[in-house]
Amino acid sequence: MKMSKHPLHLLILLTGALFCTLTSFYSGDPHHPTHLTQKLALRTIIIDPGHGGFDPGTSGLFSLEKDVALAISLKLGAAIQEAFPNVKVVYTRTTDIMPGIGADIPPGYTKHSALAAGLNYRAELANKSKADLFIAIHCDNDGHPAGPFEVHRIVGHKYVGKGKKRHRVPIYDSYQGKHTREGTEAFIWKADRSGFKGSAINERGGDEVSDSSNEGNVDSAAFDVSSPEAVMRAQLYEQKYFANSALFATLAEDEFTRAGRQSEGVLQRDEGIRVLQATGMPSVLLETGFLSNEEEEKYLNSEDGQNELVRAMVGALKRYKATLEGHPLPETDTTTHTPPKAPKPTYSNPTNQR
Ligand SMILES: [Zn+2]
């Protein structure tokens, strides 16, 4: 799955995207036909269930991230079709496969190159579909495998040995660790450094990544970040898509919080989520909960839990669309009227596979 060999075609596509961008930018103009901007604000949404096939993602006690992400994604797509009959939904996968690759690692591929090809396929599909918004659905872990785990800590010291061999050693206490992390977080591609993109990404162009289990870290091998279309996409992202990515991410976290979920907020990463930076449109990766936490795992696998998450995401989409169209909606819970919080950028290091 190589990048398009037809930069011109892509340039035309990107110019189209820029036109839409400018059109919606001018939507505040009273002389501008609003039906046009309404039509353009949100026409195609691409839903990307994380992982798939040979890549299970993280796992809980009884479920795998790839399956939970797919179940939530399919429900999200159906709910979007119901709420926005004119919006086209495109999935990167609807079954247990690595998109564009299949269930298993094909002959001639390593796991690393198959993951990279899967990510490129996802991004290319989004770009070819001329999607206006890319939503990746994932589940998280807290850095420990699901299930009971031992934690050792030093509670004091004692002296052992005699004479010259006498020395101090720590006294350990061990206890059962608890998986308490819960809730949601949204990731967007970091774009706040001046002159990031082209150059910053290009420097990483040929890197090999050590841990192929990391989300989207499997990247550079197959994605030509120095190509003219990649540079142009990056510039467009900086101009417009970043703001919209942050807007949707903030609204989604706001709606999750209103539904009673904990929210860790909107986070930016400058590496690790290749699919976000390869997509020429606003793109957000939503971590819907922690499979490492047994209570969360039950919630994420339940009909009620999945439906609650989907309702929150659709609520966020309604507010997102309305905001782009110049008539922002209040939050879904109409009893309060707190304006959405501005995104508070924080910087997190990519942790274990998400
Ligand atoms: Zn994941």
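Here the simple spin-label model places points 7 Å from the Cα toward Cβ, and for residue 304 and residue 178 these points are separated by 2.2 nm. Taking a spot 7 Å from the Cα of residue 157 along the direction of its beta carbon, which residues of segment 169-188 have an amide N less than 18 Å from it? Under cut-off, by backbone N: 169-173. With the highest mean first, a sort of the peptides 43-52, 128-137, 70-79, 297-306 on other beta-carbon atoms found within 10 angstrom per residue produces 43-52, 128-137, 70-79, 297-306. In plain terms, the C-alpha convex hull of segment 87-169 casts an average shadow of 12.2 nm² when viewed from every direction.
With a Förster radius of 30 Å applied to the beta-carbon distance between residue 81 and residue 262, the computed FRET efficiency rounds to 0.55.
Every number in this text was worked out from the coordinates using simple rules, so none of it is lab data. Because the structure is a prediction, the values reported are computed rather than measured. Here the Cβ is made from the backbone with ideal geometry for all residues, glycine too, and neighbour counts use every protein chain on show.
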